Amino acid sequence: MRAGLTVLAGAAVLTGTAAGLAQEAGFSDIERGRYLARVGDCVACHTAEGGEPFAGNRPIPTPFGTLYSANITPDRETGIGGWSDAEFERAMTQGMAPGGKRLYPAFPYPFFTKATRDDIRAIKAWLDTLEPVRQEVDPPELPWPLSWRALLAGWNALFFEEGVFTPVPGKSAEWNRGAYLVEGLGHCAACHSPKNLAGAVELDEAFEGGFGEGWFAPDLTGDLREGLGEWSVEDIVEYLKTGSNRFSSAGGPMAEVVERSTQHLTREDLRAMAVYLEDLPAAEEVAEPGDVRDLDELLMAEGEALFVDNCTGCHLMSGEGQEGVFPALAGSSVLQQEEPHSAIQIVLGGAEKPSTEAKPTPLAMPALGWKLDDDEVAALLTYLRNAFGNSASPVEHSTVTDVRSIIEEREGTAALASE
Amino acid sequence: MPTKLPPVDVLLVGFGWTAAILGEELAQAGLEVLALERGQFRDTVPDFAMPQIQDELRYAVRHEMFQEPARQTITFRNNHAQTALPMRRLGSFNPGTGVGGAGVHWNGQHWRFLPNDFRQRSHVEERYGADFIPEGMTIQDWGVTYEELEPHFDRFEYLCGTSGVAGNLNGEITAQGNPFEGPRSRDYPNPPLERSLGTLLFDKAAREAGFHPFPAPASNTSRPYRNPLGVQMGKCTYCGYCEWFGCANYSKSTPQTTILPVLLNRSNFSLRTNCNVTRIKLDRSGKRATGAIYVDSSGEEHEQPADLVILSAYATHNVHLLLLSGIGEVYDPKTRSGTLGRNYAYQMVSGVDVFVEENLNPFMGAGALGQAIDDFNGDNFDHGPHGFIGGAYVALWTTGGRPILQHQLPQGTPEWGSAWKQAMAENYLRSASLSVHGSVMSYNDAHLDLDPTYRDAYGDPLMRLTFDFHDNERRMSRFVTARAEEIARAMRPRSYTVNQRQGPYSIVPYQTTHNTGGAVMGDDPSTSVVNRYLQHWDVPNLFVMGACVFPQNAGYNPTGTVGALTYWAAEAIKTRYLKNPGPLVDA
């Protein structure tokens, strides 16, 4: 990118015309837009499996039904090629498409509204440079009355507040930059927060962890067990830049976020995001290390035996993992989340660390769901959540069954898609 | 007519170790690189995941990772008086197939050849005189020296995260390592693996016998490792399933665990699997390769044009492809003319099984977890009184204790029934094997050509191997095996059995997958197929990788030297050939 800028600057000097200078400014905007689209990870939702990037029509599962992402390439008929800058801005900041059509908030406009209008225009400037792709988008599969978009006006009145991020006085510029990215385009809270019955983020519990795509996106607050309490700013930066750090490896949906989005952000921006996240207060009372729970001894013994047989090759008997390669189970926040869904996902379906420029190996854990039944997974995870100084509630058999059906559905869909 | 595809800068035929190294080197240099692999794509997860990978029946007995003889095999005869017959089931050696090649199922025994090995003929003549070389032996110098290869040995070891301890650090002999090795510029990237009880017993016994034991170099990682490409490996779990298996733990160095995570992300590199190359195409002058013909899994033929063609399949396949493509003059054993197929060599292996008092827990092993002596390898000892050339290392490898194939029983034990069971119960934990891994020199009657009768699945003639062991190798083997016996005795075992190789070379029992020669390197186009940069003498835009370029075989496993030669060739291509495509050495 830097090399490209230099070449272009040279070209402008050579032509020495006003047009040349204007073009240079346009180029900077486009480059900034490309970077900001990375921050927002637009490509993730707006690309179907095996489809053209940004051409949309990716099914977005929600608790209410399946939606299909928009084609945001500049195709005039099926994409956003006919949209003016103002129309694009309105969609991003108010959730309203041209013609007054309201967008479902699975499109994270409640977050994007916090982005500066300049940044939104930069994103549009970059999207305009994409090759137009003709790709019709399927209509939402929602039951009546949710299929009635006018209801969204009510949703917005209750849960949506329009307005650009305002820096918090008394906080550093770095903190404010981080807050801007995390709360705005980064839309981290969309997954990492509990949602109410209407699918809106519970603002007073923001960043305490939440469900997304059948995974439980962990607590990002200062909680020592479940949150980032033990992580330094550098730990967070390393995680987002490389996909792993001394505590954890990204897996599941977060692996995609790191691969497509955060690894491409500048260290300065990642640091700013980390500074902001580090400042999020722990949700409730911080759990005391070494909380002793009343656990079934037989269940724990079964869990330990399963651990020895299945996990110790990589994670070692001590549960310490191998630094820089396989994550530790001791002290793992993913394991100790209030909701064990992500840990169950990893055991049943396996997980793969993202391949990043800094750490290219997509180190993977194989799926164990084919050989461990739901009782065994519950025993194993109950043990892991309470071994090596960890402490968390026992895992219920029924929770494993639920997650297994989510995985089966996902893999069934994937199998169909690949046929 | 094959469909003609858009051209690429570099075409790699086969996608194992050498292709992965070259792919990364040349793609990094900005070239558009394409690799064609006859087998399938495979990676640690899901293909090598535990516990499925630890299936001895499926992989070691039923050969799931190996070349299928129904698709391609060789014919074999011991000498010209015989009619060669096809090898219908793999025996003496196990070439791989699929992404990573045999680099997936190897053990990780990662050696450097000795400095003198690269000057085989000159060295013997200098030390013992030209008359010392027996009639019919066609050994020659490699055209490249150990000193030239040293940085490349080093690069390959650091790529692999090899575990070991230096014996000769810049000329300084150290106490723990192999005192006979060539000088290395720095120590191994990782310390030796944890020692097995077997290797400790061997170490003690070998010292008692007056030899110089050391931990054998292992491309099984002794600790978590990140190589210079940033690729990560986990530490070995000593599961005992290296040889014939993929590694479940990112602990054995393979193309998958050391290069592919970076290479496969490069936009100017592409890989096509299930594509079997059947011909290298030359232009009308016969001096320039224009690309290759390959058959895909639907049976369609394609022509892939390329500016630079590199044969990077298994040693024997590279020679086969040159033979099928009519590139170079085929060696004629009657007239001794021609170079293609000449100087085939192999490995002379024997062993001593020891039945000890101690409980050795052999199942806790790794493919290259071993203790070795090099006192009788290469020219590390005076051959004058013995009258043979070459040598062997003696090693005790604790590679594993798999149930079907990995156990030793004392001589005379019945092969089934309750006596067999009892002997197995008594000896499974309390036995080990000392292996004697010896060199094979090249001879004017050991060679490769096309079979006149038998054909492969593509209708092409099979390659014919004509090979037998010679008196020189038998005497070498007897001598070094007797030294192994001394070590075995010093282990104070309950009993031991010497397994000397008897009779003519047989292609049936497994020995080693270390086939060498057939397209050898050298300084003289009348006795070599490729020059010292592995560039074809007649076709300068064609390079040939792998152990087929070895002019004769040394007493070591070949992969370390194959890797070093590949980096050496890659450097010549990058720094010299690309600037001025043409012969790098004047013929």
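Close Cβ contacts (under 6 Å, 6 or more residues apart or on different chains) running from residues in segment B:257-280 that are touching a residue at least 12 places away in the same chain (Cβ under 8 Å) to residues that are small (Gly, Ala, Ser) and surrounded by fewer than 16 Cβ atoms within 10 Å (Cβ to Cβ) comprise B:274/B:297. When B:28, B:40, B:54 are screened for being within 14 Å of chain A (Cβ to nearest Cβ), within 26 Å of residue B:547 (Cα to Cα) and surrounded by fewer than 18 Cβ atoms within 10 Å (Cβ to Cβ), only B:28 passes.
Taken over segment A:215-240, the residue count meeting the criterion of being within 28 Å of residue A:410 (Cβ to Cβ) and basic (Lys, Arg) is 0. Within segment B:418-427, is there a residue that is charged (D, E, K, R), exposed (fewer than 13 other Cβ atoms within 10 Å of the Cβ) and modelled with pLDDT of 95 or more? Yes, segment B:418-427 contains a residue that is charged (D, E, K, R), exposed (fewer than 13 other Cβ atoms within 10 Å of the Cβ) and modelled with pLDDT of 95 or more. Return the total of residues in segment A:335-373 being touching a residue at least 24 places away in the same chain (Cβ under 8 Å) and either assigned by TED's automatic domain parsing to the domain that holds residue A:263 or part of a loop (DSSP other than H, G, I, E, B) (or both). Qualifying residue count for the region: 15. Identification of helices (runs of 4 or more DSSP H) wholly contained in segment B:64-172 with 3 or more residues that are within 23 Å of the chain's Cα centre (by Cα), closer than 17 Å to residue B:566 by Cβ and not small (Gly, Ala, Ser) yields B:146-160. From the list B:399, B:413, the one residue that fits, being in a loop (DSSP other than H, G, I, E, B) and closer than 30 Å to residue B:472 by Cβ, is B:399.
Among the conditions (1) more than 19 Å from residue B:367 (Cβ to Cβ); (2) in contact (Cβ under 8 Å) with a residue 40 or more places away in the chain; (3) out of contact with any strand residue (DSSP E or B) (no Cβ under 9 Å at 6 or more places or on another chain); (4) away from chain A (no Cβ under 14 Å), the only one that residue B:73 does not satisfy is (3).
Scan segment A:359-373 and give yes if some residue there is of a type outside the set (Gly, Ala, Ser), out of contact with any strand residue (DSSP E or B) (no Cβ under 9 Å at 6 or more places or on another chain), more than 14 Å from chain B (Cβ to nearest Cβ) and surrounded by 22 or more Cβ atoms within 10 Å (Cβ to Cβ), otherwise no. The answer is no; no qualifying residue exists. Note on segment B:311-362: residues that are in contact (Cβ under 8 Å) with a residue 12 or more places away in the chain and among the charged types (D, E, K, R) total 5.
Assess whether residue A:34 counts as being closer than 21 Å to residue A:132 by Cβ, part of a helix (DSSP H, G or I) and at pLDDT 95 or above. Considered against the rule, which asks whether it is closer than 21 Å to residue A:132 by Cβ, part of a helix (DSSP H, G or I) and at pLDDT 95 or above, residue A:34 comes out as yes.
If the condition is being out of contact with any Leu (no Cβ under 9 Å at 6 or more places or on another chain), of a type outside the set (Ser, Thr, Tyr) and not in a loop (DSSP other than H, G, I, E, B), then segment B:570-587 contributes only B:571. Within segment A:303-317, the presence of a residue that is more than 13 Å from chain B (Cβ to nearest Cβ), of a type outside the set (Phe, Trp, Tyr) and at positive phi is excluded. Of the strands (runs of 3 or more DSSP E) that lie entirely inside segment B:212-311, those containing 3 or more residues that are away from chain A (no Cβ under 14 Å) and under 30 Å from residue A:365 (Cα atoms) span B:269-272.
Going by the structure shown, is residue B:484 in contact with a helix residue (DSSP H, G or I) (Cβ under 9 Å, 6 or more places away or on another chain), buried (at least 17 other Cβ atoms within 10 Å of the Cβ) and among the small types (Gly, Ala, Ser)? Taking the combined requirement at face value, the residue does not satisfy it. Against the numbered list (1) in contact with a Lys or Arg (Cβ under 7 Å, 6 or more places away or on another chain); (2) within 30 Å of residue A:297 (Cα to Cα); (3) at pLDDT 95 or above, residue A:391 comes up short only at (3). Scanning segment A:319-334 for residues that are part of a loop (DSSP other than H, G, I, E, B) and more than 9 Å from every other protein chain (Cβ to nearest Cβ) returns A:319, A:320, A:321, A:327, A:328, A:329, A:330, A:331, A:332.
Do we find a residue being within 23 Å of the chain's Cα centre (by Cα), crowded, with 22+ Cβ neighbours inside 10 Å and touching a residue at least 12 places away in the same chain (Cβ under 8 Å) anywhere in segment A:74-88? So far as segment A:74-88 goes, no, none of its residues is within 23 Å of the chain's Cα centre (by Cα), crowded, with 22+ Cβ neighbours inside 10 Å and touching a residue at least 12 places away in the same chain (Cβ under 8 Å).
The values are calculated or read from the model by the stated rules, or taken from the named source; none is laboratory data. Computed from a prediction, not measured in an experiment: that's the story for all the values here. All Cβ positions, glycine included, derive from the backbone under ideal geometry; neighbour counts span all protein chains shown.
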